[in-house]
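A quick write-up on the structure given underneath.
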Amino acid sequence: MIVERNIKLVTEQHNIPKPSPMPDFPMKEWSVKIYLLDQAGNEHPANCFTKVTYNLHPSFEDKTHQTFTEPPFTCANEGWGEFEMSIDLFTTEKGGKTTVFHDLNFQSPSYEVIQPVTFKNPSQALLSILRETGPIPNEDDSKAATKARKANDLKKKKTVCDFEKMADSLTKLNEDDLLHVIQMIHDHKTEDTYTKNDIDAGEFTVDLFTMPDHLAKMIWDFLVEQKMVS
């Protein structure tokens, strides 16, 4: 399975009163933050990533590779030069690393860049996080198909009998006839049929819509024989 999402890289920068090794290039304080976007473009914490590593210009020496583990994975530094950095985004999946590239420039105080990222065969834990920002491939189609099938099944059941009339008629049966119907339900129900038997309260409950068609028809025919419905 492949799930695609967009991330937003937000860069902010401003001059700082520190001497620059390059007189024509003032010292800057800059930062990059990462957000996960939903389908409407709204920002969410990028908690789909367990850590993020920024690979900066070699001139940062021992700080060239900087790793952060909490959203929004803010990487803040000082410097005078513009450069392209690579950013490694890690998930808990085996081999779950995605690399994107980001151009650090000082053309404006703040700018945003949106980049696509791909999650390959995400775990159930990661899927639950990704569901917060958009659909999962095939999942929505499956749900829609299930919903349509249930609606069609319900439509078929309504052609077998009128459940509203059935429910009303069952409450009017005498005790012997009602016990006969309960026995029919016990004998012909399926694992999908919801029933509850409260012996202490002397109550028996059944969800008529969960009964199989043949059971619903048997009860309906019995009610017709008793002239409870027509």
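The values are calculated or read from the model by the stated rules, or taken from the named source; none is laboratory data. No experiment lies behind these values; they were computed from the predicted model shown. Neighbour counts are summed over all protein chains in view; Cβ atoms, including those assigned to glycine, are modelled from backbone coordinates with ideal geometry. Calculation scope for accessible area: heavy atoms of the full protein, side chains included, ligands and nucleic acids excluded. Shrake-Rupley method; radii C 1.70, N 1.55, O 1.52, S 1.80 Å.
Overview of values
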read-out	value
Accessible surface, 1.4 Å probe, highest first, among residues 222, 90	90, 222
For the chain, calculated [θ]222 nm from helices alone, where every DSSP H run of n ≥ 4 adds -39500 (n - 2.57)	-9000 deg cm²/dmol
Proximal charge balance of residue 78 [Cβ under 9 Å; K/R count +1, D/E count -1]	+1
Pairwise FRET efficiency - residue 127 versus residue 217, Cβ, R0 = 35 Å, nearest 0.05	0.25
Shape call, the range 160-223: gyration tensor on alpha carbons, a/c limit 1.5	oblate
Among the listed pairs 33/120; 172/217; 63/120, those beyond 22 Å (Cα-Cα)	33/120; 63/120
The range 29-118: C-alpha gyration tensor shape, a/c 1.5 cut-off, then a/b vs b/c	oblate
Charge tally in the Cβ shell below 13 Å around residue 109, where Lys, Arg are +1 and Asp, Glu are -1, residue 109 excluded	-2
Rough spin-label spacing in nm, given labels placed 7 Å along Cα→Cβ, for residue 24 and residue 173	9.5
Accessible surface, 1.4 Å probe, highest first, among residues 30, 80, 220	80, 220, 30
Proximal charge balance of residue 36 [Cβ under 10 Å; K/R count +1, D/E count -1]	-1
Dipole axis of the range 17-84 (+1 Lys, Arg; -1 Asp, Glu on Cβ), positive-most option in 31, 60, 46	46
Sequence-distant aspartates and glutamates (8 or more away, or on other chains) whose Cα lies within less than 20 Å of residue 97	4, 70, 84, 88
For the chain, fraction of C-alpha pairs farther apart than 27 Å, in %	58
